[in-house]
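The values are calculated or read from the model by the stated rules, or taken from the named source; none is laboratory data. What you are looking at is a predicted structure, and each value in this text was computed from that prediction instead of being measured. All Cβ positions, glycine included, derive from the backbone under ideal geometry; neighbour counts span all protein chains shown. The accessibility values were calculated without ligands, DNA or RNA, using every heavy atom of the protein model including side chains. Shrake-Rupley method; radii C 1.70, N 1.55, O 1.52, S 1.80 Å.
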Amino acid sequence: MTVSYSLEVANARFWGFSRLLFRWKGSIYRLVYKECVVFCVVYLFFSIFYFYVTLAFNRWWGQYTSFPLPDNLMMAVSGNVHGSDTRGRLFRRTLMRYANLSSVLILRSISTRVHKRFPTLHHIVEAFMTAQELQLFDSLHSDYNKYWMPLTWFSNLASRAREEGRVRDDIALRLLMDELNNYRAKCSLLFHYDWISIPLVYTQVVTIAVYSFFAFCVVGRQFLNPAKGYKDHRIDMYVPVFTLLQFFFYAGWLKVGELIINPFGEDDDDFETNQLIDRNIQQVSMLAVDDMYQSLAPLEKDKHWAQRYFSVPYTLSTAAETLTPAFKGSTYD
């Protein structure tokens, strides 16, 4: 049936054709609304999928940057807890041992690798915790994770070092407390990352969307021969290249989200938490506060002492860089 609108455009007037945009019968809206709905659903699917992977990546990066590294704290301890005698050394080593003990306790609570390494607290005692400290740790009853207790011991021991004059002033003590609080905040943040996950419903929606999409592709993207030559049932060698590419990218993208949503497992790309523990306590903390305490090379004049203007030498392969003028600003005259 022909849809006539001649009467409405018989005379040229203001808002003439524009009025036709609001008609439904015979309109473009009626012709394409089904395709538009399909397009919107597909667009929504990819939007949710992209946002989910982005959210998982930001969560992964946040957990990486929240890993408690003792580097700043050990520098504060080495520079502000004085004494070359046995007691001074004991103060510094014990302070850093408490800090690392706290990180081990929190990592043991969230990382399967660390939990396998230290399945019980007695295994931590065999590593670097004393029996008396374990007894004190167990004596405090709490329904919550007590990873913060060694940091409280750190605070108490730092105050004792101040009383004994090992920490020479309140400013130095404040610096130790500030670095301790930064360290504690990262331990707490790791705990909350493990506690508060991406909502389960979001993960389910993305997973169902990806799998159902390719389930329909298995049927909907079969090649149909226009000649319908099915008599001898010949094998169709048609390869769905674009479907395979979609599967590779979208399913792979979903696996990326699955991999990085919790980097404290035992996948190939998960954080090497046990190596980080070894690095923090063996190769960094104790070296800085013990072996390197007051360890200085003799003061002597540098190579360019008598020269007001000098340049650091280049190798032959980089000598051409000296010909490049120094950048002074995009609008510098």
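Remarks
- Of all complete DSSP H helices in the chain, those with a Cα span along the helix axis of 18 Å or greater and a mean Kyte-Doolittle hydropathy of -0.5 or more are 28-65, 86-110, 149-163, 170-195, 200-220, 241-260.
- Dipole of the chain [Lys/Arg +1, Asp/Glu -1 at C-beta], most positive-end residue of 66, 285, 172: 66
- Under the combined filter of DSSP loop state and at most 14 neighbouring Cβ atoms within 10 Å, the stretch 256-333 retains these trypsin sites (Lys or Arg not before Pro): 301, 303, 308, 328.
- Assigned charges on the beta-carbon of Lys, Arg, Asp, Glu; the chain dipole about Cα centre (debye): 1300
- With contributions of -39500 (n - 2.57) from each DSSP H run of at least four residues, the per-residue ellipticity at 222 nm computed over the chain stands at -18500 deg cm²/dmol.
- Where 130, 94, 331 fall by accessible area, highest first, once all protein chains stay in place (1.4 Å): 331, 130, 94
- The stretch 79-226: relative contact order in percent, alpha carbon pairs under 8 Å with at least 6 residues between: 29
- Each of 82, 329, 187 was placed along the dipole of the chain (beta-carbon charges, centred on the mean Cα), and the one lying farthest toward the positive end is 329.
- Within the stretch 156-311: Cβ-based charge dipole about Cα centre, in debye rounded to nearest 20 (Lys, Arg +1; Asp, Glu -1): 700
- Area of residue 293 that stays accessible when all protein chains are in place (1.4 Å probe, Å², to 10): 30
- Expressed as a whole percent, the accessible surface of the chain that belongs to carbon and sulfur atoms is 61, based on a 1.4 Å probe.
- Within the listed set 247, 154, 49, the residue fluctuating most in the Gaussian network model of the chain (springs between alpha-carbon atoms under 10 angstrom) is 247.
- Which of 253, 296, 158, positive extreme of dipole for the chain (C-beta unit charges): 253
- Sorting 67, 310 by accessible area puts them as 310, 67; the probe is 1.4 Å, largest comes first, and only protein heavy atoms count.
- Gaussian network model of the chain, springs between alpha carbon atoms under 10 Å - residue of 96, 292, 75 with greatest fluctuation: 292
- Choice from 258, 163, 179 with maximal GNM fluctuation in the chain (Cα, 10 Å cutoff): 163
- Convex hull (Cα only) mean projected area of the chain, reported in nm² to one decimal: 40.9
- In this view, the solvent-accessible surface of residue 315, computed with a 1.4 Å probe and all protein chains in place, comes to about 80 Å².
- Normalised by the number of residues in the chain, the average gap of Cα pairs under 8 Å and 6 or more apart makes the relative contact order 29 percent.
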